[in-house]
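Asker: Structure below; questions to follow.
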Amino acid sequence: MAGRVFRKGDRVAFVDEVGGGVVLDVPAPGKVKVRTDEGFVLVRSGKELVPYDPEHVKQAYRISDHQAGMVAANDVMEEKRQRRKGDSRPGKTPKRPEDNSVAEVDLHLHELVEDETRLSQGEKLKYQLAYFERALEGAIRDGKRKLIVIHGVGEGVLREEVRRILQYYDSVRFHDANMARYGSGATEVEILRH
């Protein structure tokens, strides 16, 4: 099968990435210079590009109301955290300076979603575990040396599920977090560097 022929001005999408852009030039056979929608200029193989089809994109990125709600809840939570960073806390002991090599993730549902009453027990746990995995992957990617997972005490279901997931990661060790600081409702994850 012959490769696609792209011309200057064609709208294209990337095969293995989100996004696309406009063809600026075809500098060599099989190579295409593209200005992305973000303004970057990249040279890619013609095999890495497809003609932009808005109908196909709509189908590929259709999300359910539940997914949209989860994204919105994450956005709201992030806004709250950003506001809290600048808060002064009158009458309270000032927070210790943050250790940039340690990340914390609080899996208490009221910290993650605005209205948890709409979720079933199974959905709540699934949401918390998905959030935990994103936080763990982010900590690994960002080069953190520790991740403190605040799961609470409760019946211990979330704690056990978090630890079950951690067993699948070769690059981590975990144990109970500092009792004086977190009580018995947190797990400390050490991220090992190879």
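Asker: Please enumerate the residues belonging to the range 137-194 that are within 19 Å of Lys124 (Cβ to Cβ), loosely packed, with under 11 Cβ neighbours inside 10 Å and either aliphatic (A, V, I, L, M) or modelled with pLDDT under 90 (or both).
Answerer: Correct list: Gly154, Glu155.
Asker: Return the total of residues in the range 71-105 being modelled with pLDDT of 80 or more and of a type in the set (Gly, Ala, Ser).
Answerer: 2
Asker: Over 18 Å from Met70 (Cβ atoms) and either surrounded by 11 or more Cβ atoms within 10 Å (Cβ to Cβ) or not assigned by TED's automatic domain parsing to the domain that holds Lys80 (or both): is that true of Phe132 in this structure?
Answerer: Taking the combined requirement at face value, the residue does not satisfy it.
Asker: Among the numbered criteria (1) of a type in the set (A, V, I, L, M); (2) surrounded by 14 or more Cβ atoms within 10 Å (Cβ to Cβ); (3) modelled with pLDDT under 75, which single criterion is violated by Ile63?
Answerer: Of (1) of a type in the set (A, V, I, L, M); (2) surrounded by 14 or more Cβ atoms within 10 Å (Cβ to Cβ); (3) modelled with pLDDT under 75, only one is false for Ile63: (2).
Asker: Go through (1) more than 17 Å from the chain's Cα centre (by Cα); (2) under 20 Å from Glu78 (Cβ atoms); (3) assigned to a loop (DSSP other than H, G, I, E, B) for Lys124 and report which single condition fails.
Answerer: (3)
The values are calculated or read from the model by the stated rules, or taken from the named source; none is laboratory data. Everything numeric here is computed off the predicted structure, so don't read it as measured data. Virtual Cβ from ideal backbone geometry, glycine too; neighbours counted across all protein chains shown.
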